[in-house]
Amino acid sequence: MRIRIVTFGLNNPSGAYLINTAKIAPRFTSWPGLLGTWWLADTASGTFGGVYLLASHEDADRSRETDLFRGMFTDLARKDVIVREYDVLAAPTAITAPAPANGPDIFREGMQ
């Protein structure tokens, strides 16, 4: 599995962004292998973003080729977009986090 953490600032008021998130959220369900998205907001620091759990490296690669992903960098409402991706360590994660219902069984996969 792969974790992607995206953070960014806003060029527009945060209230407008927060309202818009509900409108754009369904578009992320088109990413193959996306197991879940957690939307982030720290209005005090002006930092927003998301945490994405993807089933595999291949799914992460495919999602980077979508207009939705590329749009994060061209949307004039966002600034200072940072994307980081990490492998999920299966063995300790199997102890501390439940496996996603629609994802790979990390209890049987071994360390990635």
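Quick notes on this one:
- Residues that are farther than 16 Å from residue 69 by Cα and loosely packed, with under 12 Cβ neighbours inside 10 Å, drawn from the range 24-49: 42, 44, 45
- The listed residues are 103, 36, 71, 49, and the only one of them that is modelled with pLDDT of 95 or more and either under 14 Å from residue 3 (Cα atoms) or part of a helix (DSSP H, G or I) (or both) turns out to be 49.
- Residue in the range 93-100 that is among the polar types (S, T, N, Q) and either at pLDDT 95 or above or in contact with an Asp or Glu (Cβ under 6 Å, 6 or more places away or on another chain) (or both) present: no
- Across the range 1-33, the qualifying residues are those that are of a type in the set (Lys, Arg) and in a strand (DSSP E or B), and the one among them that is farthest from residue 75 (Cα to Cα) is 2.
The values are calculated or read from the model by the stated rules, or taken from the named source; none is laboratory data. Worth saying up front: this structure is predicted, and the values here are computed from it rather than measured. All Cβ positions, even for glycine, are placed from backbone atoms using ideal geometry, and neighbour counts span all protein chains on display.
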